[in-house]
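Only one structure is covered here, and it is reproduced in the block below.
The values are calculated or read from the model by the stated rules, or taken from the named source; none is laboratory data. Since this is a predicted model, take the numbers as computed values, not measurements. Note that each Cβ is placed from the backbone with ideal geometry, even for glycine, and that neighbours are counted across all protein chains shown. Only protein heavy atoms, including side chains, enter the accessible area calculation; ligands, DNA and RNA are left aside. Shrake-Rupley method; radii C 1.70, N 1.55, O 1.52, S 1.80 Å.
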Amino acid sequence: MFYFLFDAINISLIVTALLNLSLGVLIFISGKNKKINIVYSLNIVAIISWVMAMFFYRSSPPETNLLWCTILYVTPTLIASSFLYFTYIFPSQKEKNIWWKAILIFGINLAIIVMVIWPGLIIKGVNIRPGLEKQIIFTPYYWFYFIYTLEFFSFGFFRLFKKYLKNRGIERLQIIYLVTGYSLAANLAFGTNLIMPWLGYFFLNWLGQVFTCIMVAFTTYAILKYRLMDIRIVARKFVIYFVSAGFVYGIFYLIIWFYNKFFGSVYANGAYLVGLIIAPLFVLLFAWFNNKIKGVANKYLFFSLYSHQETIAKLTDELTNSIDLSKIVDSIVSSIKDAMQLDRAGILLIDQDDGMIKYKIEKVIGFNENNGISLVQDNFLTQHLEKTQRPLVRDELQMIAKDLSDPNERQSFFQLAENMKHIEASLCLPMIISNKLIGIIVLGSKISGDAYTSDDLNLLNTLSKQAAIAVDNARLYKEVQDFSKTLQQKVDEQTKEIREQKEKVEKALAVEKQANELEKHANEELKHLDENKTDFMLITQHHLRTPLSVNMGFIDLMINGTFGKMSAKIKNVILRIGESTQKEIDVVNELLDVSSYQIGKEIIHLDHPIDFEALMEETLKDLTAEAESHGIYLKYEKQGEIPKIPADRMKLKLVLTNVIDNCIKYTAKGGVTVTMEVKNDKLLISVTDTGIGLSNEVIQNLFKQSFHRGEQAKKLFAVGKGLGLFLSGKIIEGHHGRIWAESRGDGKGSAFYIELPVKQEINQTLKVENNVSVNNK
């Protein structure tokens with residue numbers, strides 16, 4: 001029979017168990033389906049078992065001393081094994097065949113447990129000493145237990161140290177705090193609970209359990225500061241639920257007190273009648289209280305209660321139903337600011353008037369407009385956002401910078417962090433269309449002072465994609481309107497010329513009827529061109545691009561688990577739907593690119609010299625898998641040194657990808673060879689294949705006409721669109737270069753050549769005109 005001893009030591013053990021339990025429950029609730037959360041929760045369960053085993057051991061009667069002593073030494077083995085296994089999956093599981101490591105770890109653990117519970121093998125007995133802690137009598141085999149515990153923890157810390165060296169940014173800081181907390185608690189516990197009892201000192205053998213509070217403190221700090229395992233939201237919900245439960249509990253006992261005082265019992269007839277009034281009043285009161293407590297939590301308890309589905313649905317509806325740029329920008333800024341409970345938000349959009357790239361503030365709330373422009377004066381931010389296409393968090397910039405070896409790049413990150421701090425910006429979201437940065441959404445801090453969670457970043461990343469589509473659509477619409485005005489001017493000019501010709505014809509030949517018909521025909525043709533162009537752009541933006549992008553946003557959220565766990569079969573189907581949807585989005589974007597080049601709207605930026613060797617290696621690396629899937633080779637031969645040349649890197653990568661991919665697609669046997677050399681101050685890139693070849697007719701129109709493909713190409717690859725080489729011709733023209741193709745005929749392979757001038761003026765912005773000058777050989 002237990003006589004629970006509630007002295008200061010046992011009370012500290014109970015408090016320790018409760019602290020560990022709170023942390024374990026929060027981590028488990030925040031990721032029931034995540035392996036890392038489950039394993040960490042099991043480790044905390046083992047710690048709680050160890051703490052409570054000490055409580056019962058100190059409180060147990062003599063006849064159960066040995067039983068609780070055995071449990072006291074079994075539970076730490078589970079702590080050591082679960083901790084070691086945790087190091088294999090934290091901060092993310094990247095190792096393969098981890099199952100056999102788990103079998104080995106817990107197999108050794110099982111062997112040690114058997115040794116501990118085997119009577120007299122490690123623990124011989126327990127002596128009760130009045131006024132002192134109980135004395136445990138160990139056998140000489142105790143060193144097996146000691147070595148097991150020491151080795152498992154040491155190897156676990158060694159693994160985390162290796163991951164610390166490999167990881168960067170926020171994950172590295174998570175590891176630091178987790179290792180610090182565990183190592184302090186474990187090393188102190190080694191002394192008080194392993195070494196001192198072995199030497200016969202038991203007066204501190206309870207202190208190791210209390211030291212686990214250090215681990216709890218460091219882990220909690222990593223959770224709150226560095227989004228460890230993303231349980232911030234769950235922690236705040238726990239507060240909301242706890243307060244709501246306390247309210248219900250208090251009202252419950254208040255009603256019981258009221259019934260007993262005025263009716264003598266809760267079962268009196270009068271109590272039943274009053275209950276009919278109290279019940280609906282309580283429901284209304286609870287709903288009011290729950291809304292109030294959520295409002296207070298939003299503002300003071302650092303907790304944002306918002307719905308991903310509602311936020312996306314609301315913003316999507318507003319963006320889909322509007323084509324006015326100012327209204328779209330207002331909706332984006334207001335929706336994000338309200339949903340995230342931010343103190344400030346704004347949008348900067350790229351303005352390419354007169355061929356120069358500059359930023360224009362479209363909408364700001366809370367920011368100083370002059371500061372907003374100063375943020376993008378240094379193009380490091382824009383280059384970084386266009387490269388990563390991911391949200392940039394100010395709190396993580398200095399962490400990233402500290403791990404960089406390049407001093408210039410490190411200084412750029414530090415300077416960017418200072419610039420963001422100066423204007424009180426906490427987050428920058430890139431607005432990307434076809435891998436091009438069209439604007440930046442700049443956000444301030446949460447009103448609560450809370451940090452952005454991974455859920456926040458996932459939501460904001462999806463919203464920025466929707467925002468980019470909507471803004472680009474609005475701009476396209478405006479361009480179409482401007483184009484319509486230009487066409488109308490051309491119609492007026494043509495009409496004027498026709499009228500002049502008409503007058504001449506009337507005077508010379510008196511054939512007024514012919515002139516009228518000519519004028520009417522010209523008007524109809526030009527108006528028809530205007531209507532077709534306008535209809536194409538409007539149909540594309542409203543009926544193709546926006547709904548496809550909206551669908552892709554929801555698919556991303558489903559895959560990330562926002563709407564709950566999916567079975568592997570359903571997730572596979574969703575992934576296939578996502579791949580199909582992305583292909584459709586790529587087709588629409590490609591069609592819009594063609595339209596942009598056709599009406600002379602596309603701009604080539606020769607910002608700085610680029611490394612063509614690196615660009616070629618990167619392109620070939622992307623296409624190697626496709627060549628292997630066709631069973632053909634893909635070779636690269638460099639002849640001599642290749643200098644850096646001023647060029648638009650992103651557009652030239654598109655050209656290389658289109659040309660090489662085209663050769664791979666239409667080569668069934670043999671392979672594709674790529675060479676690069678400098679001749680006569682010009683860079684010459686040749687791509688030769690052993691494929692189906694080209695006829696003279698196809699070569700003449702290959703780079704001049706969109707949707708143009710040869711008959712042999714249609715038979716071999718039916719779904720091709722005939723756009724890639726057309727776009728490539730436009731881009732090379734914009735670089736003052738030329739592109740052409742040669743072939744000895746059908747079935748005899750093809751050769752594509754790209755020639756670019758080595759010497760170009762840096763910082764040029766060139767508009768691609770409506771015609772292409774291509775020298776086809």
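How many residues are open to solvent by less than 50 Å² (accessible area, probe 1.4 Å) and either of a type in the set (Asp, Glu) or under 19 Å from Ser154 (Cα atoms) (or both) if we restrict to the stretch 105-134?
5
Going through the stretch 28-48 one residue at a time, which ones are touching a residue at least 24 places away in the same chain (Cβ under 8 Å), assigned to a helix (DSSP H, G or I) and open to solvent by 50 Å² or more (accessible area, probe 1.4 Å)?
Hits for the stretch 28-48 are Ile29, Lys35, Leu42.
How many of the residues in the stretch 157-183 are modelled with pLDDT of 85 or more and open to solvent by 20 Å² or more (accessible area, probe 1.4 Å)?
Going through the stretch 157-183 one residue at a time, the tally reaches 5.
Please pick out the residue among Tyr73, Tyr88, Tyr57, Tyr142 that is in contact with an Asp or Glu (Cβ under 8 Å, 6 or more places away or on another chain), under 24 Å from Ala185 (Cα atoms) and open to solvent by less than 30 Å² (accessible area, probe 1.4 Å).
Tyr88
I'd like to verify a number: residues in the stretch 314-335 that are at pLDDT 85 or above, among the β-branched types (Val, Ile, Thr) and touching a helix residue (DSSP H, G or I) at 6+ places or on another chain (Cβ under 9 Å), how many?
3
Criterion first (in a helix (DSSP H, G or I), touching a strand residue (DSSP E or B) at 6+ places or on another chain (Cβ under 8 Å) and at pLDDT 90 or above) does Tyr148 satisfy it?
Here the answer is no, as Tyr148 does not meet what is asked.
Go through (1) open to solvent by 40 Å² or more (accessible area, probe 1.4 Å); (2) modelled with pLDDT of 65 or more; (3) aliphatic (A, V, I, L, M) and name the single condition Ile574 misses.
(1)
Which residues, counting only those in the stretch 660-683, are open to solvent by less than 30 Å² (accessible area, probe 1.4 Å) and in a strand (DSSP E or B)?
Scanning the stretch 660-683 gives Gly671, Val672, Thr673, Val674, Thr675, Met676, Leu683.
Taking the conditions exactly as written (at pLDDT 80 or above, surrounded by fewer than 16 Cβ atoms within 10 Å (Cβ to Cβ) and polar (S, T, N, Q)), does Asn291 satisfy them or not?
Judged against the criteria, Asn291 is not a match.
Answer with yes or no whether Lys715 is open to solvent by 40 Å² or more (accessible area, probe 1.4 Å) and either modelled with pLDDT under 85 or closer than 18 Å to Gly745 by Cα (or both).
yes
Does the stretch 336-359 contain any residue that is at pLDDT 65 or above, assigned to a helix (DSSP H, G or I) and more than 27 Å from the chain's Cα centre (by Cα)?
Checking the stretch 336-359: not a single residue is at pLDDT 65 or above, assigned to a helix (DSSP H, G or I) and more than 27 Å from the chain's Cα centre (by Cα).
So is Ile98 at pLDDT 90 or above, surrounded by fewer than 18 Cβ atoms within 10 Å (Cβ to Cβ) and touching a helix residue (DSSP H, G or I) at 6+ places or on another chain (Cβ under 9 Å) or not?
Taking the combined requirement at face value, the residue does not satisfy it.
Tally the residues that are in contact (Cβ under 8 Å) with a residue 12 or more places away in the chain, open to solvent by 10 Å² or more (accessible area, probe 1.4 Å) and in a helix (DSSP H, G or I), restricting the search to the stretch 418-444.
3
Considering the stretch 604-630 alone, what residues qualify as being more than 15 Å from Glu677 (Cα to Cα) and of a type in the set (Gly, Ala, Ser)?
Selection gives Ala625, Ala627, Ser629.
Go through the stretch 625-649 and count every residue that is of a type in the set (D, E, K, R) and within 30 Å of Gln383 (Cα to Cα).
Residues flagged as of a type in the set (D, E, K, R) and within 30 Å of Gln383 (Cα to Cα) within the stretch 625-649 amount to 6.
Which of the residues belonging to the stretch 321-335 are open to solvent by 10 Å² or more (accessible area, probe 1.4 Å) and either part of a helix (DSSP H, G or I) or polar (S, T, N, Q) (or both)?
Correct list: Asn321, Ser322, Leu325, Ser326, Lys327, Asp330, Ser331, Ser334, Ser335.
Would you kindly identify the strands (runs of 3 or more DSSP E) lying entirely within the stretch 721-777 that contain at least 3 residues that are open to solvent by less than 80 Å² (accessible area, probe 1.4 Å), at pLDDT 80 or above and under 22 Å from Thr673 (Cα atoms)?
Strands (runs of 3 or more DSSP E) meeting the threshold: 738-743, 750-757.
Just to be sure before I move on: is Leu18 assigned to a helix (DSSP H, G or I), modelled with pLDDT of 85 or more and farther than 30 Å from Ile559 by Cα in the structure I sent?
On the way: assigned to a helix (DSSP H, G or I): yes; modelled with pLDDT of 85 or more: yes; farther than 30 Å from Ile559 by Cα: yes.
It is true that Leu18 is assigned to a helix (DSSP H, G or I), modelled with pLDDT of 85 or more and farther than 30 Å from Ile559 by Cα.
Would you pick out the residues in the stretch 195-212 that are crowded, with 18+ Cβ neighbours inside 10 Å and touching a residue at least 40 places away in the same chain (Cβ under 8 Å)?
Pro197, Phe202, Asn205, Trp206, Gln209, Val210, Thr212
Pairs needed: first member in the stretch 634-646, farther than 20 Å from Val659 by Cα; second member anywhere, at pLDDT below 90 and open to solvent by 80 Å² or more (accessible area, probe 1.4 Å); C-beta distance under 8 Å; at least 6 residues apart or different chains.
Going by the 8 Å Cβ cut-off, the qualifying pairs are Pro646/His608; Pro646/Glu761.
Taking the residues in the stretch 116-145 that are touching a residue at least 60 places away in the same chain (Cβ under 8 Å) and in a loop (DSSP other than H, G, I, E, B) as candidates, determine which candidate is farthest from Asn65 (Cα to Cα).
Residue satisfying both the conditions and the ranking: Leu132.
Taking interchain pairs and intrachain pairs at least six residues apart, which have beta carbon atoms under 9 angstrom, with the first residue in the stretch 248-266 and over 19 Å from Pro280 (Cβ atoms) and the second in a helix (DSSP H, G or I) and of a type in the set (S, T, N, Q)?
Phe263/Asn269
Filter the stretch 445-462 down to the residues that are out of contact with any strand residue (DSSP E or B) (no Cβ under 8 Å at 6 or more places or on another chain) and crowded, with 21+ Cβ neighbours inside 10 Å and list them by number.
Passing the criteria: Asp456, Leu459, Thr462.
Please go through the stretch 734-750 and pick out each residue that is charged (D, E, K, R) and out of contact with any strand residue (DSSP E or B) (no Cβ under 8 Å at 6 or more places or on another chain).
Selection gives Arg744, Asp746, Lys748.
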